[in-house]
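Here is the structure we will look at.
The numbers here are math on the coordinates, done by the rules we state, and not lab data. Note that the structure is predicted; figures quoted are calculated from it, not measured. Here the Cβ positions follow ideal geometry from the backbone for every residue, glycine too, while neighbour counts run over all protein chains shown.
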Amino acid sequence: MSEPKSCTLFDKIWDSHVIERFSDGTCLLYIDRHLVHEVTSPQAFEGLRMARRRVRRPDLTIAVIDHNVPTSNRQAGIAEEDSRIQIETLERNCRDFGVPFIPVLDVRQGIVHIIGPELGISLPGSTIVCGDSHTSTHGALGALAFGIGTSEVEHVLATQTLLQKPAKNMKVEVKGSLPFGTYAKDLVLAIIGKIGTAGGTGHVIEYAGEAVRSLDMAGRMTVCNMSIEAGARAGLIAPDETTFDWIKGRPCAPKAEAWDEAVRYWRTLASDPGAHYDKIVQLDATEIAPLVTWGTSPETVLPINGSVPDPDEAGDDGRRAQMRRMLDYMGLAPGTRMQDIRVDVVFIGSCTNSRIEDLRAAAAVAKGRKVAPDVRAMVVPGSGLVKQQAEVEGLDRIFTEAGFEWREAGCSMCLGMNPDRLSAGQRCASTSNRNFEGRQGPGGRTHLLSPAMAAAAAIHGRLTDVRQMA
Amino acid sequence: MEKFTRLTALAAPLDLANVDTDKIIPARFLKTIKRSGLGIHLFDTLRYNENEQERPEFVLNQEPFRGAQILIADENFGCGSSREHAVWALVDFGIRCVIAPSFADIFYNNSFKNGLLPVRLPRPQCEKLMQAARMGANARITVDLERQIVSTPRGEEFSFDIDPFRRHLLLEGLDDIGQTLQHASRIESYEAARRARERWYPPITA
């Protein structure tokens with residue numbers, strides 16, 4: 001008898017969802033959870049209508065509004081006409097096709113990648129898709145979760161399946177524990193800095209090692225969220241007691257005997273000893289310092305006590321030209337100390353860092369202090385439920401007394417699709433995930449960092465080493 | 001979907017690496033409920049200044065490249081957001097083929113669903129094509145999906161790899177939902193098997 005094959009977590013989830021394997025390796029893959037939002041779905045529903053197709057499994061689908069929605073004065077409705085049309089279109093599509101929908105004024109409304117896990121919709125061992133690249137977030141629960149385009153959204157709505165080829169396996173192993181003043185955000189920025197923005201292309205990244213195991217669920221979601229910034233469509237962390245404790249009791253999670261059965265199955269998911277990885281990368285968490293980006297690509301990370309690099313020291317002409325372009329866009333001179341860079345705006349929020357744990361970390365820094373004059377600082381909880389919890393804990397008062405704006409849940413200033421935007425030349429310390437040119441508004445300049453570092457930047461009006469604020 | 005078989009056209013050289021989908025189409029233009037009409041905002045911030053006037057230095061604002069149907073770019077084209085609007089904007093502008101040393105995964109997938117052919121060629125070959133493209137009006141490049149060949153204006157041929165299934169769909173202009181629905185009974189039996197195996201798996205309730 002042959003030995004059973006050693007499988008990775010990815011292999012196990014993949015294999016259990018293959019309906020049909022075609023001769024060229026393409027698989028028809030079953031999808032357990034389909035999350036839908038207003039921006040990438042209208043054309044998919046339009047396609048269904050034109051072909052007279054229905055949504056095959058509305059009971060495995062859920063829709064919410066997050067990208068376009070304003071984060072203040074919600075009762076007044078949506079002022080921007082095209083945003084309003086997109087939102088009304090999703091409402092109508094959900095009604096027509098019988099898809100569960102969370103309305104804007106519902107307390108459960110929030111960023112799709114916050115509410116999926118929060119409501120117990122995202123479960124270990126599942127396949128989860130959404131027309132949004134940060135779907136990788138849900139991999140923190142041990143689910144295979146990845147972003148898809150609108151044609152694929154339509155395909156899933158119509159068939160509850162996708163045609164896909166299996167990704168390659170990559171393992172990122174982080175030993176040691178994170179030092180004082182560093183967080184999951186620093187960990188994932190360090191990983192992206194090491195492997196680059198295309199380092200994970202074609203792969204699913206499984207995060208492992210002591211530093212990953214000891215992260216709480218919020219931290220794990222932050223890490224998996226930014227897998228796409230390393231080019232990987234999905235990130236995964238094996239489910240363990242931390243995962244099970246976090247999911248138990250959530251509204252859509254299995255209950256009673258079903259729960260016990262579920263956990264029994266979920267315990268079998270971790271990668272087998274000796275499983276094969278196509279690529280293995282190792283990092284030492286103890287060497288990580290609080291990080292911040294200096295350029296317009298998430299791989300351009302530096303420790304907060306570093307200085308802006310000099311393009312003249314770049315290895316090749318291509319890289320030199322790229323660095324010059326970035327520095328020009330960012331309005332930075334080589335050699336500038338990162339801690340001397342002044343900021344105009346501080347944004348604490350996004351699917352990367354808007355969970356209650358993120359808000360607690362920021363509040364711990366903000367408590368009893370004041371936002372620097374001329375700095376606009378905003379805190380945008382990831383969901384109505386996160387907001388509610390923060391208010392129970394009094395975090396909202398800590399923020400407002402310090403001079404932060406306390407806003408309603410949504411994608412907000414992560415992507416400049418709603419009224420929260422940078423104007424040209426404004427510089428922002430942001431807990432979001434992308435520092436691309438124009439990402440937070442045309443001409444806006446973004447420095448990515450952790451929530452605690454963002455709060456520190458708000459207080460001092462410049463990028464600041466949060467370790468000095470203890 | 002429009003078929004892609006063989007295309008002989010002008011190519012625009014876009015000598016940039018890591019062209020992200022925010023650069024291809026900024027988020028503020030995603031508030032549409034249609035697929036068409038995004039071409040005017042393709043590469044919006046590279047193409048127009050603050051006063052919405054064309055930047056003459058940008059390749060697609062120059063003759064003859066305004067009529068380009070092929071785009072040649074550098075590594076990791078289409079990284080970042082999953083927005084299919086990036087592909088729609090390219091197609092709406094008139095681009096039918098992007099040639100680059102590497103593509104980000106989601107963009108690569110999205111292209112095939114819209115009759116846009118992404119061609120991966122080694123960097124030195126992309127550089128040759130970029131050089132040739134810069135010669136302008138008569139420097140036509142041919143992309144032959146049937147033969148899996150890109151030919152330079154001088155007739156030099158570079159072959160490229162492509163997934164046979166995707167090639168087939170593109171050559172025939174086929175919609176893959178229709179293809180998948182042919183397996184409807186297999187999907188049903190999979191669902192039944194899952195229900196038996198994982199009775200605990202809950203539906204979503206809102």
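Things to note:
- Helices in chain A, meaning DSSP H runs of at least 4 residues, each add -39500 (n - 2.57). Divided by all residues, the mean residue ellipticity at 222 nm is -9000 deg cm²/dmol.
- Residues A:ILE191, A:ILE304 arranged by fewest to most Cβ contacts within 10 Å: A:ILE304, A:ILE191
- Rounded if a/c under 1.5, otherwise prolate or oblate - the protein assembly as shown, Cα gyration tensor axes: rounded
- Prolate/oblate/rounded call for segment B:6-174, Cα gyration tensor, a/c under 1.5 rounded: oblate
- Amide H contacts of B:ARG96 (H built 1.01 Å from N, in plane; Pro and chain starts excluded): B:ILE70 sit under 5 Å, all sequence-distant by 5 or more or on other chains.
- Put in order of Cβ neighbour count within 10 Å, fewest first, the listed residues A:HIS34, B:HIS183 become B:HIS183, A:HIS34.
- Spacing of the two label points (7 Å from each Cα toward its C-beta) at A:ARG95 and A:ASP15, in nm: 4.7
- Cut-off 15 Å, label 7 Å out along Cα→Cβ of A:ASP240, residues of segment A:117-155 by amide N: A:140-142
- Once the Cβ-Cβ distance of B:MET135 and B:ARG55 is raised to the sixth power relative to R0 = 22 Å, the FRET efficiency obtained is 0.50.
- Stretch gain in nm, segment A:LYS248-A:GLU391, where the contour uses 0.36 nm per residue and the Cα spacing is subtracted: 49.2 nm
- Per residue Cα convex hull volume in Å³ - calculated over segment A:24-181: 145
- Label positions at B:GLU63 and B:ILE40, each projected 7 Å from the Cα along the C-beta direction, are separated by 2.2 nm.
- Applying 1/(1 + (r/R0)^6) with R0 = 22 Å to the Cβ-Cβ distance of A:ARG319 and A:GLU210 gives a FRET efficiency near 0.05.
- The distance between label points at A:ARG52 and A:ALA364 comes to 6.1 nm (points 7 Å beyond Cα on the Cα→Cβ vector).
- Measuring against 30 Å, Cα to Cα, the residue pairs A:LYS175/B:LYS113; A:LYS175/A:LYS248; A:LYS12/A:LYS248; A:LYS5/A:LYS279; A:LYS5/A:LYS165; A:LYS370/B:LYS23 contain A:LYS175/B:LYS113; A:LYS370/B:LYS23 as the ones spanning a longer distance.
- Prolate/oblate/rounded label for segment B:112-194 (Cα gyration tensor, a/c 1.5): prolate
- Sorting A:ILE114, A:ILE205 by the number of Cβ atoms found within 10 Å of their own Cβ, with the fewest placed first, yields A:ILE114, A:ILE205.
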